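Engineer: One structure, pasted below without further comment.
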Amino acid sequence: MRWLLVGVHGFIFIHFGVTGKDALSITQKPRFYGVRTGQFVYIICQPSVGDKPAHVQWYKASEDDVHVHARQPLEQAKTGDSGVIQNAVLFLKNLEVEDTGVYFCKINSTWGFGTGLQVARPLDRNQAAFRSSMKDGFIILQALLLTVCAVAFLHHNRKLLVKHDIEYEEPEVDHIYEGLAIESRTEELYEELPVYDQMECTEDPWGQN
């Protein structure tokens, strides 16, 4: 039983030792490029077992963590061999902004870690200053328009409030004046009655007979 256990452990050790020795890992150099348009770069795919023939395939993705099925093969890319490794070097020239992305190499079913490429146009200082001035002008114009709209809104609300106050006070004022007018006519009426009474008493022709 003891010898059986020793044999099993020995078989496991030999198996993992051979597997670890033959396991393939891939290194990409460099890991990142940041260049301007029109420039030239190259990416190297280097397997851990460099003395065995291998064929490298190159892919491009928009992001580093994109799924492997979303990586697009670069079938027409310019490549070069390195010893027994075919297509080990990827050449990219006359770069444009659209070339920005992450480039992966693949040997059999093993992927490299990827090389990020960022392509940007050269900075035009005059154009950048003009865009900055235009942006500041739009911000000021927007602030002025907002101020005008706020003032117009407040002025409109104020007119509505004044109109509402006038319409509310006019009936009460008219009522007060109507009451005073009625009262004044009543006093005049009572004052005129004695005059007519005296005139009837003094000028009665029938009273003389």
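Engineer: According to the square roots a ≥ b ≥ c of the eigenvalues of the Cα gyration tensor, what is the shape class of region 18-89, taking rounded for a/c under 1.5, prolate for a/b larger than b/c otherwise, and oblate for the remainder?
Structural biologist: Prolate, because a/c is 1.5 or more and a/b exceeds b/c.
Engineer: Accessible area, 1.4 Å probe, largest first: how do LEU154, LEU160, LEU74 sort?
Structural biologist: Per-residue accessible area, sorted high to low, gives LEU154, LEU160, LEU74.
Engineer: Further question: Just add up the charged neighbours of VAL84: K/R +1, D/E -1, any other residue whose Cβ is under 9 Å from the Cβ of VAL84.
Structural biologist: The answer is -1.
Engineer: Can you give me the distance in nm between label points at LEU145 and ASP124, each placed 7 Å from the Cα along the Cα-to-Cβ direction?
Structural biologist: So the label points at LEU145 and ASP124 sit 2.6 nm apart.
Engineer: Let me ask another. THR27: accessible area at probe 1.4 Å, nearest 10 Å²?
Structural biologist: My reading of the accessible area for THR27 is about 70 Å².
Engineer: If you don't mind, there's one more thing I want to ask. Mind checking which lysines have their C-alpha under 19 Å from LYS52, skipping anything on the same chain fewer than 8 residues away?
Structural biologist: Counting by Cα, and skipping residues close in sequence, LYS52 has these lysines nearby: LYS21, LYS106.
Engineer: Okay, next question. At a Förster distance of 30 Å, what's the computed FRET efficiency of ARG158 paired with ASP136, Cβ-Cβ distance as r, to 0.05?
Structural biologist: That pair, ARG158 with ASP136, gives E of 0.35.
The values are calculated or read from the model by the stated rules, or taken from the named source; none is laboratory data. Please read all numbers here as calculations on a predicted model, not as lab measurements. Quick reminder, even Gly has a Cβ in these numbers, built from the backbone with ideal geometry, and neighbours come from all protein chains shown. Heavy atoms of the whole protein, side chains included, go into the accessibility calculation; ligands, DNA and RNA do not. Shrake-Rupley method; radii C 1.70, N 1.55, O 1.52, S 1.80 Å.
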